[in-house]
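The values are calculated or read from the model by the stated rules, or taken from the named source; none is laboratory data. This is a predicted model, so every value here is computed, not measured. Note: ideal-geometry Cβ built from the backbone for every residue, glycine included; neighbour counts use all protein chains shown.
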């Protein structure tokens, strides 16, 4: 069985169907992208993997664990120790310093004070923000907040990192910076990465394989370079219509 598997997964909110029979497999160590238009169920798909949203039907498995057997929020805590999520808006705690934000995810690792300080400083160095360690989120730019969110997510050395629209709202230079960080962090951690995005140039740089989701269905699946020449006109047009940072990322 694949490391991560979705089997005929359905999810609806009222009459709005978000995922309609999603099935896909992701292998350990893979950098996988979920791409497609906005509002088509991409983020819902990854939130179901860590129990933030429950599917209505179907099965999701992670490392042979059937997530349908986890009934309560606390049942997902062991999963969330192994799978980290970088939220689109960084989701930093405004009342905490950068140090405390990054340290937040380490509270249950029983690190000594010295070990905690070293881990936070190391992760901030990885994302190029060691000088911001005592700043408050309000003092940071949007790109810096994204990078602090990355540092917090990777602080516990997760096996899987979920990135939700990691380049959304960033200018081209910061987009390139975040894309390169994602690649470098995956190499450092030897982790599996799942990136949700509609930023096609970034997806081309980040992922080895992609699922194109549209209106709750997987419309195309495979290496992204192949999808760019897909027989489906909508898929092909979508993947070739975002030139914003193609030249910088290529």
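Residues in the range 80-104 that are over 16 Å from the mean Cα position of the chain (by Cα), more than 15 Å from residue 147 (Cα to Cα) and crowded, with 19+ Cβ neighbours inside 10 Å: 0 in all. Looking only at residues of the range 136-158 that are more than 21 Å from residue 42 (Cβ to Cβ) and not in a helix (DSSP H, G or I), we find that the one that is farthest from the chain's Cα centre (by Cα) is 136.
Is it the case, given these coordinates, that residue 29 is free of Cβ contacts under 8 Å to residues at least 24 places away in the same chain and under 20 Å from residue 195 (Cβ atoms)? For residue 29, the condition - free of Cβ contacts under 8 Å to residues at least 24 places away in the same chain and under 20 Å from residue 195 (Cβ atoms) - is not met. Helices (runs of 4 or more DSSP H) fully within the range 159-250 that include at least 3 residues being buried (at least 21 other Cβ atoms within 10 Å of the Cβ): 172-189, 200-206. Here the range 29-41 is the region considered, the condition is being modelled with pLDDT of 90 or more and more than 21 Å from residue 157 (Cα to Cα), and the residue that is nearest to the chain's Cα centre (by Cα) is 34.
How many of the residues in the range 27-41 are under 11 Å from residue 165 (Cα atoms) and either crowded, with 21+ Cβ neighbours inside 10 Å or in contact with a strand residue (DSSP E or B) (Cβ under 9 Å, 6 or more places away or on another chain) (or both)? Of the residues in the range 27-41, 3 are under 11 Å from residue 165 (Cα atoms) and either crowded, with 21+ Cβ neighbours inside 10 Å or in contact with a strand residue (DSSP E or B) (Cβ under 9 Å, 6 or more places away or on another chain) (or both).
Hey, could you check the range 74-120 for residues that are in contact with a strand residue (DSSP E or B) (Cβ under 6 Å, 6 or more places away or on another chain) and in a loop (DSSP other than H, G, I, E, B) and say which is modelled with the lowest pLDDT? Among residues in the range 74-120 that are in contact with a strand residue (DSSP E or B) (Cβ under 6 Å, 6 or more places away or on another chain) and in a loop (DSSP other than H, G, I, E, B), the one modelled with the lowest pLDDT is 88. When the residues of the range 124-135 are filtered to those that are at pLDDT 90 or above and either assigned to a loop (DSSP other than H, G, I, E, B) or in contact with a helix residue (DSSP H, G or I) (Cβ under 6 Å, 6 or more places away or on another chain) (or both), the one that is nearest to residue 152 (Cα to Cα) is 124. All of (1) in contact with a helix residue (DSSP H, G or I) (Cβ under 9 Å, 6 or more places away or on another chain); (2) surrounded by fewer than 17 Cβ atoms within 10 Å (Cβ to Cβ); (3) farther than 27 Å from residue 238 by Cα hold for residue 58 with one exception: (2).
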